[in-house]
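Written below as structure tokens is the structure these notes are about.
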Amino acid sequence: MATRHRVEPGDCISSIAFQHGFFPETIWNHPENDDLRARRKDINVLMPGDIVFVPDKRIKTVIKPTDANHVFRYRGVPARLNIVVNCYGEPLRNKKFELEVDGVTLSGQTDGEGGISIAIPPNAGLGTLRVDEGERRREFRLELGRLNPIDEVTGFKQRLQNLGYEVGDLDETVSEAFRAAISRFEAEQGMPPTGECNDANRLKLREVYGR
């Protein structure tokens with residue numbers, strides 16, 4: 001039965017699709033979600049309170065011979081977590097890491113740019129990333145699916161904070177700390193410091209952050 005899903009903190013199209021048994025693209029590209037796509041633009045970034053239309057399921061028939069084995073893959077499962085790990089502006093390159101997601105521990109090594117690309121469940125919520133750096137181990141807390149759209153003040157703040165800037169409280173308040181963080185970001189990117197959210201620095205922040 002079709003329904004309208006009200007987005008809660010931690011929801012994304014992948015987790016909503018997984019919950020209802022759909023491919024993420026099926027929900028995201030449905031005509032009933034045209035306004036949502038136009039407003040949010042990024043399939044992975046929603047805002048709490050957004051309404052996502054979830055259609056009725058349709059039966060798909062596949063004709064296969066009965067005297068053979070067949071493999072069917074559930075597209076979109078697992079999802080992938082792609083992040084770059086920096087410390088004081090320097091990527092943690094080629095470092096061993098452990099990622100604990102919803103009680104499951106995964107391991108690997110960052111690439112030459114400090115990047116990690118790893119498969120995780122589409123509905124993963126909280127995670128802890130531990131990266132070995134010589135004799136010390138750095139730990140990062142991850143709140144998966146909680147990145148707000150960059151057009152929102154909170155989304156702008158989240159991205160700056162994740163890049164290492166001090167922004168103050170993660171709310172809709174445009175505080176002096178937030179203005180100072182914007183000015184610092186602009187100056188470091190070779191832009192005139194304004195201390196205001198605008199189209200130019202929002203575009204640059206999206207470029208630097210990756211979404």
> How large is the dipole of segment 79-143 about the Cα centre if only Lys and Arg carry +1 and Asp and Glu carry -1, each at its Cβ, rounded to the nearest 20 debye?
Replying inline: 40 debye
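Can you give me the Kirkwood hydrodynamic radius for the chain, using every pair of distinct Cα atoms, in Å to one decimal?
After inverting the pairwise mean of 1/r, the radius is 19.4 Å.
If you rank ARG141, ARG39, ARG159 by fewest surrounding Cβ atoms within 10 Å, what's the result?
ARG141, ARG39, ARG159
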> Of THR66, THR128, ALA177, which is farthest along the charge dipole of the chain in the positive direction, counting Lys and Arg as +1 and Asp and Glu as -1 at C-beta?
Replying inline: THR66
> Taking the alpha-carbon centroid of each part, what is the distance from segment 109-171 to segment 19-41 in angstrom?
Replying inline: 25 Å
> Between THR61 and GLN19, what is the FRET efficiency for a Förster distance of 22 Å, r being their Cβ-Cβ separation, to the nearest 0.05?
Replying inline: 0.35
>> Given Cβ point charges of +1 (Lys, Arg) and -1 (Asp, Glu) and nothing else, what value in debye, to the nearest 20, does the dipole of the chain about its Cα centre take?
In response: 760 debye
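Since every read-out is calculated from the coordinates, none of them should be taken as a lab result. Everything quoted here is computed from the prediction, not taken from an experiment. Cβ coordinates were reconstructed from backbone atoms using ideal geometry, including for glycine residues, and neighbour counts include every protein chain displayed.
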